[in-house]
Amino acid sequence: MKDKLAILGGAKVRKEPFRFLPEIGAEEKTLVREVLENGMLSGFVAQPGDTFLGGQKVRELEQLCVQYFGVPHAVAMNSATAALHAALAAAGIGAADEVIVTPYTMSATATAILMQNAVPIFADIDPVHFCIDPAQVRKKITPRTKAIMVVHLFGHPADMDPIMAIAREKKLVVIEDCAQAPGAEYKGKRVGTIGDAGIFSLNQHKIITTGEGGIAVTRDADFAFRMQLVRNHGEVVLAEMKLPSLDQAPDLLGWNYRITELEAAVGIGQFKRLDGLTDQRRTLANYLTERLKKFPGLTPPAPAKDVRHVYFTYPIVYDRTRIQDIGRDTFIKALRAEGIPCGGGYVKPIYHQPVYQKKTVYGKQGCPFRCPLYKNEIQYRQGDCPVTESMYAEKLLLLPVCREPHTEWDMDDVLRAFAKIFDSLDDLKSYKEEKVARS
Ligand SMILES: *Cc1c(COP(=O)(O)O)cnc(C)c1O
């Protein structure tokens, strides 16, 4: 006897909700209490001298990053968005420059480019790992190209070797957006340490969190110093510090991207959990992958050789032609009705957002797109990045469940819900047709 689908009024597979709040442990609490009792909630002062680089907890967090990533410099900021912007500013990206970026990412990756008055040029993703496709990057290079921004989407590393080869050949800066991939590895190297700078997010929804926060890592002392200037009103210290970088960045504007001691204190505790948390994600993801393979029309993630995937989320490619032509969104509704959290499509291709369609960022003049210095007419059109568009519109199904505090027992509920739906595809098909007929 078949169980009636929950979407058709049957009982849910999963009754209790999945949990998504991070675990904040004893160490985080002790460190935060230390800061509160000390009263120095932020150690930053925008003056030359020791305090320019922030307080003790900020430095301790940065030191942990330096050790973990094996790079000499880490600069903690109040978000990854801030850190992405600081990296582009430090790289000297500005008006009339083009930066190649994936359209399948959180909007801030591309917004950071607009913040420097430069123009985002979108290159499509590969259909297996959903990261920017090096062959598409190559096609988008012009004499105006200054940088490539790579996103290690969903915790899977982008294919860095060919991207670094293009960058070396064309003398381009490479910024890695690792917001979703702390602890991921590409051919034995931690992501974030391969390009010129790597950016991590510590916002509430990321693998480790400080509520809000971001970190940039780099091997280049000068690059790190410029990011420190951007972080803390650099213009006021430039003259007095008399550092060689001054000549290379006379136009460097400082912002306030300072992270507090409280957030840094949480970050120190969280950072020590990182490997344990990503191990758990990998274990749960592998458990799902082994068991989802048997369902026709579902392609579970297949990490590239020589990578460590950290499963920020768990992406499945959904092929309706093998699932009785039932649309992905109907399938998602059925899964949700069974009590399984899931999403479809991730985000709209970025160039579909109004800022790109209307091209109004800095006032009526339309800068940076119509900046007189930018001698090109950029168009963002439907069809520009077909792989991204199809992932968004019909193919990608995301299960954000492979994470603590969940266990294999929770994954079994997910698998039971898939099995139940696959047993009743005829019923689900009629549900969909009814809905269409009624509307
Ligand atoms: C979350 C995220 C960001 C922005 O992080 P914030 O810390 O919230 O600014 C940037 N890029 C990607 C890919 C992200 O997932």
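The values are calculated or read from the model by the stated rules, or taken from the named source; none is laboratory data. None of the values given here were measured: they were computed from a predicted structure. Using ideal geometry, Cβ is built from the backbone for each residue, glycine included, and neighbour counts are taken over all protein chains shown. Surface areas here come from the heavy atoms of the whole protein model, side chains and all, with no ligands, DNA or RNA. Shrake-Rupley method; radii C 1.70, N 1.55, O 1.52, S 1.80 Å.
Here are the numbers:
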| read-out | value |
| --- | --- |
| Residue that is most open to solvent (accessible area, probe 1.4 Å) [pool: residues in region 307-335 that are without any contact (Cβ under 8 Å) to a residue 60 or more places away in the chain and charged (D, E, K, R)] | Arg322 |
| Of the criteria (1) part of a loop (DSSP other than H, G, I, E, B); (2) at pLDDT 95 or above; (3) open to solvent by 10 Å² or more (accessible area, probe 1.4 Å); (4) of a type outside the set (D, E, K, R), which one Phe20 fails | (2) |
| Among the residues listed as Val71, Val75, the single one being closer than 20 Å to Val45 by Cα, open to solvent by less than 10 Å² (accessible area, probe 1.4 Å) and either basic (Lys, Arg) or more than 12 Å from the ligand (Cβ to nearest atom) (or both) | Val75 |
| One residue from Tyr380, Tyr351 being surrounded by 14 or more Cβ atoms within 10 Å (Cβ to Cβ), at pLDDT 95 or above and in a helix (DSSP H, G or I) | Tyr351 |
| Given (1) in contact with a strand residue (DSSP E or B) (Cβ under 6 Å, 6 or more places away or on another chain); (2) over 30 Å from Glu23 (Cβ atoms), number of the condition Pro386 does not satisfy | (1) |
| Lone unmet requirement of (1) more than 16 Å from the ligand (Cβ to nearest atom); (2) hydrophobic (A, V, I, L, M, F, W, C); (3) within 20 Å of the chain's Cα centre (by Cα) for Cys131 | (1) |
| Residue in region 90-99 that is open to solvent by 10 Å² or more (accessible area, probe 1.4 Å), over 24 Å from Phe130 (Cα atoms) and either free of Cβ contacts under 8 Å to residues at least 24 places away in the same chain or within 16 Å of the ligand (Cβ to nearest atom) (or both) present | no |
| Count of residues meeting criterion [near the ligand (Cβ under 9 Å from one of its atoms) and open to solvent by 30 Å² or more (accessible area, probe 1.4 Å)] in region 171-205 | 3 |
| Residue within region 102-111 that is open to solvent by 10 Å² or more (accessible area, probe 1.4 Å) and under 21 Å from Ile316 (Cα atoms) present | yes |
| Residues of region 405-439 classified as modelled with pLDDT under 95, outside any helix (DSSP H, G or I) and buried (at least 16 other Cβ atoms within 10 Å of the Cβ), total | 0 |
| Residue match in region 215-228 (condition: more than 16 Å from the ligand (Cβ to nearest atom) and open to solvent by less than 10 Å² (accessible area, probe 1.4 Å)) | yes |
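Yes/no matrix, rows are residues, columns are (1) of a type in the set (Ser, Thr, Tyr); (2) under 29 Å from Gly211 (Cβ atoms); (3) not in a loop (DSSP other than H, G, I, E, B):
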site	(1), (2), (3)
Ala264	no, yes, yes
Leu277	no, yes, yes
Asn286	no, no, yes
Glu290	no, no, yes
Asp325	no, no, no
Thr330	yes, no, yes
Tyr346	yes, yes, no
